1. For segment 95-129, give me each residue that is within 16 Å of the ligand (Cβ to nearest atom) and open to solvent by less than 20 Å² (accessible area, probe 1.4 Å).
2. Scan segment 266-277 for residues that are open to solvent by 20 Å² or more (accessible area, probe 1.4 Å) and either within 22 Å of the chain's Cα centre (by Cα) or at pLDDT below 95 (or both) and report the count.
3. Just to confirm my filter: which helices (runs of 4 or more DSSP H) fall fully inside segment 14-75 and include at least 3 residues that are over 16 Å from the mean Cα position of the chain (by Cα)?
4. Please find, among ASP135, ASP171, the residue that is more than 10 Å from the ligand (Cβ to nearest atom) and outside any loop (DSSP other than H, G, I, E, B).
5. If ASN237 satisfies every condition in (1) assigned to a helix (DSSP H, G or I); (2) out of contact with any strand residue (DSSP E or B) (no Cβ under 9 Å at 6 or more places or on another chain) but one, which is the exception?
6. Test of understanding: among LYS181, LYS163, which residue is in contact (Cβ under 8 Å) with a residue 60 or more places away in the chain, within 30 Å of GLY218 (Cβ to Cβ) and surrounded by fewer than 21 Cβ atoms within 10 Å (Cβ to Cβ)?
7. Could you tell me whether VAL64 is open to solvent by less than 30 Å² (accessible area, probe 1.4 Å), at pLDDT 95 or above and within 16 Å of the ligand (Cβ to nearest atom)?
8. Looking at VAL146, VAL198 in this structure, which one is free of Cβ contacts under 8 Å to residues at least 12 places away in the same chain and within 14 Å of the ligand (Cβ to nearest atom)?
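The values are calculated or read from the model by the stated rules, or taken from the named source; none is laboratory data. Predicted model only: the values in this text are computed from it and were never measured. All Cβ positions, even for glycine, are placed from backbone atoms using ideal geometry, and neighbour counts span all protein chains on display. Note: accessible area is taken over every heavy atom of the protein model, side chains too, but ligands, DNA and RNA are not part of it. Shrake-Rupley method; radii C 1.70, N 1.55, O 1.52, S 1.80 Å.
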Amino acid sequence: MKRVLSGIRATGRLHLGNYLGAVLGMLELQERNDLETLYMVADLHTLTTPYDKNELKNNVRNVVLDYLAAGLDPLKSTIFIQSQVPEHTELFYLFSTVVSLARMMHLPTYKDKLKQYPNASTVALLNYPVLMAADILIYKASLVPVGIDQEPHLEVSREIARKMNEIYKTDFPEPIRFATKGEYVPSLTGEGKMSKSVEGSYINLTDDLETIKKRLAGAPTDSGVGKKIPETGGVANLLKFVELFEDIEKRKKYELSYLSDGIKYSELKEELADAIYKKLLPIQEKRKQFEEDPREVDGIIKEGAEKARKIAGDTLKEIKEKMGLL
Ligand code: AMP
């Protein structure tokens, strides 16, 4: 059976970008009978940029709760925490022997992160894509539901798979991205993507209606009329959200207004806030149930690690043998 692997870093609560770009794909794939799905909290990847060690445990738990609340089902998917499957890091080291330093240093994602965190130039940050390749390939997963920002990293995974297969005659698949319609969720600030590290850019899955309204209120707009529908910036992004959370018809209606009598952004934002909250409410209610049952959540995490370690251990043994280690 083909396998699926995905993960999210434990940097705080999940936002709409994580949900639309990654979690919706994870949910769709867990329903398929021809696939085995494994979803992790990428706590080791969290250490590659500045983090608060006193908050990490809590943040890891919050991602698990957000996963379960969003509908990841431990009966259908293996849900686990990356650092509890140490085989990932061992395979990562073995993979690092076939990756050139130059390739890693020229990755645009690495350069972007360095720009964002100039003091975080560590070997771990440089190695992020190699660990990600190990995360995926230790399960020989061929499908990876993640946002489009992860594409350069998946390319590295494919290169590593090819190299390993060529040199050591392994049988790693070349993993491809499973894309959702929200593969790129823009920032509420009108610039770039929605991201936890940019204040004012995101809406969290746990936000109440008031907070959603407040966050949308901060999104930049214009006079509401023009000869051409904006393709970038605040208004373009608001229209994208209308499409994602209401529907394409609604978007077309606003576009017509923009070209004729004008959009009233206060009304657009009010309606959009209601539409977003309506989608989030069932997730928030489900989250409460899991929050009230910490033992069940502990059990899910423990069982997830056991299941994942079994598969990971088999792959690691095979690769070590093929590399001449055992
Ligand atoms: P990260 O928080 O960087 O670990 O990202 C976790 C997952 O969410 C990855 O699959 C990302 O591609 C996805 N993701 C994060 N931000 C966005 C966004 N703004 N739009 C679409 N997907 C996103």
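1. Hits for segment 95-129 are LEU107, ALA120, LEU125, PRO129.
2. Looking only at that region, the number is 1.
3. On the way: elements: 24-30, 43-46, 53-70.
Output list reads 53-70.
4. Values: ASP171 fails: outside any loop (DSSP other than H, G, I, E, B).
Testing whether each residue is more than 10 Å from the ligand (Cβ to nearest atom) and outside any loop (DSSP other than H, G, I, E, B) leaves just ASP135.
5. (2)
6. Working: LYS163 fails: within 30 Å of GLY218 (Cβ to Cβ).
Being in contact (Cβ under 8 Å) with a residue 60 or more places away in the chain, within 30 Å of GLY218 (Cβ to Cβ) and surrounded by fewer than 21 Cβ atoms within 10 Å (Cβ to Cβ) holds for just one of LYS181, LYS163, which is LYS181.
7. Working: open to solvent by less than 30 Å² (accessible area, probe 1.4 Å): yes; at pLDDT 95 or above: yes; within 16 Å of the ligand (Cβ to nearest atom): yes.
Yes; evaluated as a whole, the condition is true for this residue.
8. On the way: VAL146 fails: free of Cβ contacts under 8 Å to residues at least 12 places away in the same chain.
Checking each option against the conditions leaves just VAL198.
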